[in-house]
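Remarks on the structure that follows.
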Amino acid sequence: MKNKSFIYLLVYVLVVVFLAEMIGFQSITIFGFKFNFLPLVFALLITMFLAIKPLRKGLLAKIYSEENVKFSSNYMIFIMLPLMARYGADVAPKLREIVSLGHVFLLQELGNLGTVVFGLPLALLLGLKREAIGITLGIGREGELAYISEKYTLDSAEGRGVLSQYIFGTIFGALFFSFLPPIFLKLGLSPESLAMASGVGSASMMAASTSALIAELPEQTEMIKAYASASQLLTGILGTFTMVFLAVPLQRFMYKALAKEDKNENK
């Protein structure tokens, strides 16, 4: 490999993981809500803080080089492959129960339309134009990124929208999903529904959400992992069809109805 700073990246990753594991699981209570901070959250916070431009000097500049950033984003999928294999192992023990609730998992896929129904009007209200199409088609994971890049290219306004959503979700998604489960548990939502809702199509978000749930309900670890894994698998399989055949037509209709643009720009 021609990238000489790659070795610095590998050492940096090991150091960050070690520090995050040393900090370990932490929990604080604010206004009666219990927030669980996992090692994953601390790893994200450390890397985000050290990535601030004024700090990226000397060795950090080599670690956060353009080559390393591109390499990390391009090959992140290989890190996720063992986790994907784990999904199957988690689903198997609860397969009979999951099959009996199959219709619930299928109906949950309609929740993917929420980014269009609620997000698109808000994005337009905030002043976004064609960027809103890329931002609100989904949660900005690989499926939406591939669709937008093929239809509009990533150099378009729609492409800039989906890229910004992808980056924002990568940086803050896991943090966001670490905080939500304790709040919704306090509000009375069932652990089963929250476990199913954890499988949104992002491995890091699912891991953060399920870990937070397990920290709250360790006696239901097996159920939480099984439901979240099954939901994640279905989202990966059916999410593309939901996006293409439901989300895209709905988004086009809503955009034409709500956006204040010349009609020729909406085609």
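The values are calculated or read from the model by the stated rules, or taken from the named source; none is laboratory data. Being a predicted model, the structure only gives us computed values, none of them experimental. Ideal geometry is used to build each Cβ from the backbone, glycine not excepted, and the neighbour counts take in all protein chains shown. Surface areas here come from the heavy atoms of the whole protein model, side chains and all, with no ligands, DNA or RNA. Shrake-Rupley method; radii C 1.70, N 1.55, O 1.52, S 1.80 Å.
Using heavy atoms of the protein chains and a probe of 1.4 Å, the accessible area assigned to residue 225 is about 70 Å². Within 14 Å, Cβ to Cβ, of residue 113, how many net charges do the neighbouring residues add up to if Lys/Arg are +1 and Asp/Glu are -1? That sum, taken over residues with Cβ under 14 Å, equals -1.
Within segment 155-267, all pairs of alpha-carbon atoms sorted by distance into 5 Å bins from zero give the percentages 2, 11, 16, 17, 16, 13, 11, 7, 4, 2, 1, 0.
Using a probe of 1.4 angstrom and keeping all protein chains present, the accessible surface of segment 144-267 works out to 49 square angstrom per residue.
In this structure, the amide hydrogen of residue 37, modeled 1.01 Å from its nitrogen in the peptide plane, lies closer than 5 angstrom to those of 26, 27, 28, counting only residues at least 5 positions away or on a different chain.
Expressed as a whole percent, the accessible area of segment 122-267 that falls on carbon and sulfur atoms is 66 (1.4 Å probe).
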